[in-house]
Amino acid sequence: MLEKININWEECKKYRIEKAWQKERVQVIIRDHSIILWTESNELITNLFLEFKGLKNELPSETVLEGYIVVLKAEKVCQIDIIKERIGKSKINPIPNELSIIFMATDVLEFEGTDIRFQSMDERMAILQKIVDSLDSHLININPSYEIGTEKEWLNFFEKSKNDFLEGFFIRKQILDGSGYENQMSLWQIPPKEIILVLLYATKGNLKNANEYIDFTFGIMGEVELVPITKALNNLDEQTQKELEQFIANNTKEKFGPIRSVVPTQLFKVSYTAVLPSKRHKSGVILKFPKIVKWLKNEAVEKLSLLSDLNQFVL
């Protein structure tokens, strides 16, 4: 369901929207003819992305770009967090031929040694376009931004974009004051999606939590059988927890140390933000940021979601 977006529609021409990908924002910094890749969590990742080393000779010196490092497949952003995949690896393997890594630029903060953050967004985007057009390589794309027209246009845009690999949308508003343009930016997050899963396993904790079930494994209906798809931490209220513990005690099929395999009859509504491909899981996918929303005590098992329902959202 679409939540209200905080926009004064009478002033909508002052706003611009850009897609906020489910990636960490990165700065590409050119200093003294060297390239630096720096994340918003203050990690230096230059050596993880040698694909971009040639940009030090193509980008203007003393320039800072902001954006995302993304993976493309058939010109669409894939659900691959390439930064997380490469951190901690002793050897960086090249990506498959059908994929490509690019920098999706959202802004230019410095240009040829000049801080341009207080210039208008239109002026900065014109400079960014000029930079990208001058490149010989195709390592940088511009993350499109969109002018907001009406609330109806916004709803249509959201419907077309909601299944992209997005965290949400950045909403920019420019205000002209005595020192230049102030670029106000806020993140509107896409509400989590929801799915109905069945409880397969419950796991007890260690030490002081040894008698409590701290997380649960849920399954979904595959082509012919139930397959595990995600774990979610226990965030149930005290009364619901007691009732669920009683169900587990009465319906345990097998025990594996702290793990209990239960009769798959209890459905739960689980929220998530994205569907990610996974070679390590039998389902072939995992859910990002799964969270238990509700125990559907009286729902029939036939209402269980299908794996095929999720596969359409995996790039």
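Of the residues in the stretch 260-285, how many are β-branched (Val, Ile, Thr), within 30 Å of Asp81 (Cβ to Cβ) and assigned to a strand (DSSP E or B)? Break it down stepwise before answering.
We begin by selecting, within the stretch 260-285, every residue β-branched (Val, Ile, Thr); these are 262-263, 265, 270, 273, 275, 285.
This time we only want the ones that are within 30 Å of Asp81 (Cβ to Cβ), so: 270, 273, 275, 285.
Applying the additional criterion that residues be assigned to a strand (DSSP E or B) yields 270, 275, 285.
Total meeting the criteria: 3.
Inspect all residues belonging to the stretch 208-221 and state whether any of them is closer than 30 Å to Gln79 by Cα, in contact with a Gly (Cβ under 9 Å, 6 or more places away or on another chain) and free of Cβ contacts under 8 Å to residues at least 60 places away in the same chain. Yes - at least one qualifying residue is present in the stretch 208-221.
Does Asn250 count as out of contact with any Asp or Glu (no Cβ under 8 Å at 6 or more places or on another chain) and assigned to a loop (DSSP other than H, G, I, E, B)? Here the answer is no, as Asn250 does not meet what is asked. Cβ-Cβ distances below 7 Å connect the following pairs, each with a first residue in the stretch 187-198 that is outside any strand (DSSP E or B), a second residue that is among the small types (Gly, Ala, Ser), and a separation of six or more residues or different chains: Ile190/Gly168; Pro192/Ser271.
Quick one: is Glu147 within 30 Å of Leu287 (Cβ to Cβ) and either in the same structural domain as Tyr15 (by TED's automatic domain parsing) or surrounded by 13 or more Cβ atoms within 10 Å (Cβ to Cβ) (or both)? Quick ask: steps written out before the conclusion?
Values: within 30 Å of Leu287 (Cβ to Cβ): no; either in the same structural domain as Tyr15 (by TED's automatic domain parsing) or surrounded by 13 or more Cβ atoms within 10 Å (Cβ to Cβ) (or both): yes.
The answer is no for Glu147.
Taken over the stretch 71-86, the residue count meeting the criterion of being out of contact with any helix residue (DSSP H, G or I) (no Cβ under 7 Å at 6 or more places or on another chain) and over 21 Å from Thr273 (Cα atoms) is 2.
If you go through the stretch 133-161 and keep only what is modelled with pLDDT of 85 or more and farther than 19 Å from Lys76 by Cβ, you end up with Asp133, Ser134, Leu135, Asp136, Ser137. Of the residues contained in the stretch 98-113, one or more are found to be surrounded by 12 or more Cβ atoms within 10 Å (Cβ to Cβ), in a strand (DSSP E or B) and more than 25 Å from the chain's Cα centre (by Cα).
Taking the conditions exactly as written (surrounded by 18 or more Cβ atoms within 10 Å (Cβ to Cβ) and within 17 Å of Glu225 (Cβ to Cβ)), does Val285 satisfy them or not? Spelling it out, Val285 is indeed surrounded by 18 or more Cβ atoms within 10 Å (Cβ to Cβ) and within 17 Å of Glu225 (Cβ to Cβ).
The one condition from (1) touching a residue at least 40 places away in the same chain (Cβ under 8 Å); (2) exposed (fewer than 14 other Cβ atoms within 10 Å of the Cβ) that Ala249 does not meet is (1). Apart from one condition, Arg260 fits all of (1) in contact (Cβ under 8 Å) with a residue 60 or more places away in the chain; (2) under 24 Å from Leu207 (Cα atoms); (3) touching a helix residue (DSSP H, G or I) at 6+ places or on another chain (Cβ under 8 Å); the exception is (1).
Residue under question is Lys255, and the condition is that it be charged (D, E, K, R), more than 14 Å from Pro228 (Cα to Cα) and more than 19 Å from the chain's Cα centre (by Cα); does it hold? Before you say what the answer is, go through the steps one by one.
Values: charged (D, E, K, R): yes; more than 14 Å from Pro228 (Cα to Cα): yes; more than 19 Å from the chain's Cα centre (by Cα): yes.
It is true that Lys255 is charged (D, E, K, R), more than 14 Å from Pro228 (Cα to Cα) and more than 19 Å from the chain's Cα centre (by Cα).
Could you tell me which residue of the stretch 183-221 is farthest from the chain's Cα centre (by Cα), considering only residues that are more than 25 Å from Leu244 (Cβ to Cβ) and not β-branched (Val, Ile, Thr)? The extreme case among them is Asn183.
The values are calculated or read from the model by the stated rules, or taken from the named source; none is laboratory data. None of these values were measured; they are calculated from a predicted model. Neighbour counts run over all protein chains shown; Cβ positions are idealised from the backbone, glycine included.
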